[in-house]
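Working notes, structure below.
None of the figures in this text is laboratory data; all of them are computed from the coordinates on show. This structure is a prediction, so every number in the text was calculated from the model and none was measured. So basically every Cβ, Gly included, is an ideal-geometry build from the backbone, and we count neighbours across all protein chains shown.
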Amino acid sequence: MFGRKKKKKSLTKNVGTIISPGTRIEGIVEVAESIRIDGSLEGDLIVKGDVYVGKEGRLKGNIQGDNIMIAGNVEGNIKADGKLEIVETGRLVGDISISNLIIHDGAIFEGNSTSKADIEKKMSDSKKIDFKSKGKSKNKGLKEKNNEEKNS
């Protein structure tokens, strides 16, 4: 009861595909389940599940998936529908679009971040603009300016 740590939910629990150490793949990889990369992948990775890049894993390309955990080296942009976690040994160079971001002490992240909430807010704000009233006020200002120039 006391002193017990809560067990952390593992992103690698239900991994269906593993790229093992010593394996090198080039090209676009699409997976309909979770994947763990302990080898090397050069190309985009599209996953309908979670992605785990192990400590020895190297990926050079864009990643799209649900939850993504990086313990190795990734160079590319990431779109995570869920959470992106970069652990102590992880290094990410690229832009990210995420719902939730966790960066551990010692992890490296170089790039720009856009949250899903920011994108949704910008979209809803753009819908609130009344273009008719905006256009009228602009035209009114131009007419007043032209009348002032004529009267001068």
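The table below gives the values:
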item: Note, ³J(HN,Hα) from phi for segment 94-105, Karplus 6.51, -1.76, 1.60, rounded to Hz, x at Gly and Pro; result: x, 8, 10, 10, 9, 9, 8, 10, 10, 10, 7, 4
item: Burial ranking of peptide ranges 58-66, 104-112 (average Cβ count within 10 Å, highest at the top); result: 58-66, 104-112
item: Tail weight of P(r) past 20 Å, computed on alpha-carbon pairs of segment 8-106, percent; result: 23
